[in-house]
Amino acid sequence: MRRTPYRRLFAATVLVASVLAPMTATPATPVHAAAADVVGRHGDEDCPPGEFGHELTARLDRTIEDVREQAGIPGVVVGIWMPGKGSYVKATGVADKVTGEPMFTNTFVRIGSETKTFTVTALLQLVDEGRVRLDDPISRYVHGVPNGRRITLRQLAGMRSGLFPYTADAGFVHDLLSDPQRTFTPRESLAYGFRHKNTFEPGTQFQYSNTNLVLLGLVIEKVTGQRLEDVIDRRVLRPARLRNTLFPEGAEFPEPHAHGYTDQTLSGATADSTDWNPSWAWAAGAMISDLHDLRRWARVLATGELLSPATQAQRLKTLPTGFPGTSYGLGIFDADGWIGHNGSIPGYETVTVYLPSQKATMVLMLNTDSQVGGQEPSTLLARAITSVITPDNVYAGGISPRQGLRGRDA
């Protein structure tokens with residue numbers, strides 16, 4: 001298992017909603033020894049001690065392994081916590097395709113677009129303090145934004161700005177994939193998008209775009225006079241007691257971590273992207289976390305623990321995305337009742353969601369982002385799992401920043 005830095009690529013919009021057809025069941029890889037450590041070391045905050053019953057556990061084992069093999073997922077970690085039913089924490093597959101090292105539950109992982117939930121939380125804290133207003137125009141804080149006088153912070157956080165996604169620019173894709181170790185500044189990333197006309201009038205449509213969140217990161221820095229990384233650490237991570245979550249300055253990657261594999265390359269061949277630099281995604285997708293912290297963050301995010309009730313209510317006021325079963329609020333989605341966000345970055349995918357009706361939490365961590373039939377592997381897995389554990393609330397689909405890269409589009 002490599003213990004070195006990594007870097008990344010990415011883009012802008014896709015919701016997926018179908019699950020792979022069932023295959024002949026095969027047993028899941030035995031739980032890595034660290035699985036017990038995750039539950040035992042941190043305790044069960046949302047549910048009573050104990051694992052799911054044998055029948056439910058066996059169904060989940062078969063379901064996860066079927067999807068993993070059909071979708072070509074090297075390794076996956078699944079964590080589920082449900083009051084009244086217990087918990088399920090397992091790793092299956094491999095962390096390293098070369099050595100065959102088994103996947104392990106205490107891996108750090110690049111969480112991609114889940115970073116947006118932290119950035120928007122920091123912004124909403126400033127709203128609570130009266131330092132910014134959601135209906136302020138972006139031009140008040142950042143100069144040079146196309147149509148910036150008519151685009152509000154609310155529209156940026158809700159993916160309704162109409163700004164062109166910089167990750168859909170062909171020049172950006174080429175520059176990034178030609179040198180995935182390159183460091184991008186926020187302004188350099190934005191420049192690729194600002195070359196293009198806006199795609200629609202502000203507030204009239206939904207379009208997932210990293211451009212929006214990079215701008216919100218700049219707003220936070222402008223208002224606080226501090227680096228975004230420091231603001232998120234001080235105002236979000238520490239109060240939420242997330243000790244294993246960080247906003248890297250470059251390509252650093254804490255140990256231990258599984259290798260990540262992507263087919264987002266110039267040739268289309270699968271590559272080990274563990275050491276790619278995520279600076280290009282910054283406020284939209286650069287952060288790192290682990291199973292324990294993502295479990296806690298799912299509930300903190302969905303219940304608004306760090307915000308006022310009024311501001312949390314605004315955050316959760318979701319609007320249609322155009323994709324059945326999934327609506328989007330302010331840096332958060334509702335996927336058939338599951339509240340949270342997914343993440344996807346070259347080599348890694350995550351899903352961190354909370355189901356308020358059952359106080360249930362689900363966290364998925366995969367070491368690939370390679371799509372299957374145009375669908376995110378994490379969405380396929382989340383749909384299959386929720387079909388088993390919450391058949392009345394089947395995960396409708398996540399959000400994928402893949403638009404533009406090698407022609408992948410919604």
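Considering only DSSP beta bridges with both partners in the chain, what is the antiparallel share in %, to the nearest 5? Don't jump to the answer; show the numbers that get you there.
Details: 45 of 48 bridges.
If we restrict to bridges inside the chain, about 95 percent are antiparallel.
Can you bin the stretch 294-357 into rounded, prolate or oblate? Criterion: square roots of the alpha carbon gyration tensor eigenvalues sorted a ≥ b ≥ c, rounded for a/c under 1.5, prolate for a/b above b/c, oblate for the rest. It comes out oblate by the Cα gyration axes. GNM on the chain, alpha-carbon springs under 10 angstrom: the most fluctuating residue among 146, 239, 74 is 239. Rounded if a/c is under 1.5, else prolate if a/b is larger than b/c, else oblate: which is the stretch 104-239, with a ≥ b ≥ c the root eigenvalues of its Cα gyration tensor? Oblate, since a/c reaches 1.5 and b/c is not below a/b. If you take the Cα centroid of the stretch 64-111 and the Cα centroid of the stretch 180-236, the two points sit 31 Å apart. Lysine pairs in the chain whose alpha-carbon atoms fall under 25 angstrom of each other, counting only those eight or more residues apart or on distinct chains, come to 7.
Starting from the Cα-Cα distance between residue 196 and residue 131, subtract it from 0.36 nm times their residue separation and give me the gain in nm to one decimal. Before the final figure, lay out the partial values.
Details: separation 65, 0.36 × 65 = 23.40 nm, distance 3.11 nm.
The span from residue 196 to residue 131 would gain 20.3 nm if fully extended.
Its convex hull of Cα atoms gives the stretch 37-182 a direction-averaged projected area, equal to a quarter of the hull surface, of 14.0 nm².
Simple spin-label estimate for residue 147 and residue 267 gives 4.1 nm between the two label positions (7 Å along the Cα-to-Cβ direction from each Cα). Residue 230 to residue 55: FRET efficiency via 1/(1 + (r/R0)^6), r the Cβ-Cβ distance, R0 35 Å, to the nearest 0.05? The calculated FRET efficiency here is 0.15.
Plainly put, the stretch 160-286 has a radius of gyration that is 0.99 times its Kirkwood radius, both from alpha-carbon atoms, as the Rg/Rh ratio.
Here the Debye sum runs over all C-alpha atoms of the chain as equal scatterers in vacuum, and log10 of I(q)/I(0) at q = 0.06, 0.07, 0.10, 0.14 Å⁻¹ comes out as -0.20, -0.28, -0.59, -1.22. Summing Cβ point charges (Lys, Arg +1; Asp, Glu -1) relative to the Cα centre of the chain gives a dipole of roughly 1080 debye. Considering only 177, 147, 194, the residue lying farthest towards the positive end of the dipole of the stretch 143-197 is 147, judged by Cα position with unit charges set on Cβ. Among 189, 308, the ranking by other beta carbons within 10 Å of each residue's beta carbon, starting with the fewest, stands as 308, 189.
How high is the relative contact order of the stretch 75-143, in percent, counting Cα pairs under 8 Å that sit 6 or more residues apart? If you can, show how the numbers build up before the last one.
Details: 55 pairs, mean separation 12.9, N = 69.
Once divided by the residue count of the stretch 75-143, the mean separation gives 19 percent.
Helical runs assigned H by DSSP (4 residues or longer) give the chain a calculated mean residue ellipticity at 222 nm of -9000 deg cm²/dmol, each run adding -39500 (n - 2.57) before division by the residue total. For the stretch 229-331, the ratio of Cα radius of gyration to the globular rule of thumb 2.2 N^0.38 Å stands at 1.30. Using a Gaussian network model of the chain in which every pair of alpha carbons under 10 angstrom is joined by a spring, one finds that among 110, 154, 133 the greatest mean-square fluctuation is at 133.
None of the figures in this text is laboratory data; all of them are computed from the coordinates on show. Nothing here was measured: the structure is a model prediction, and the numbers come from that model. Ideal geometry is used to build each Cβ from the backbone, glycine not excepted, and the neighbour counts take in all protein chains shown.
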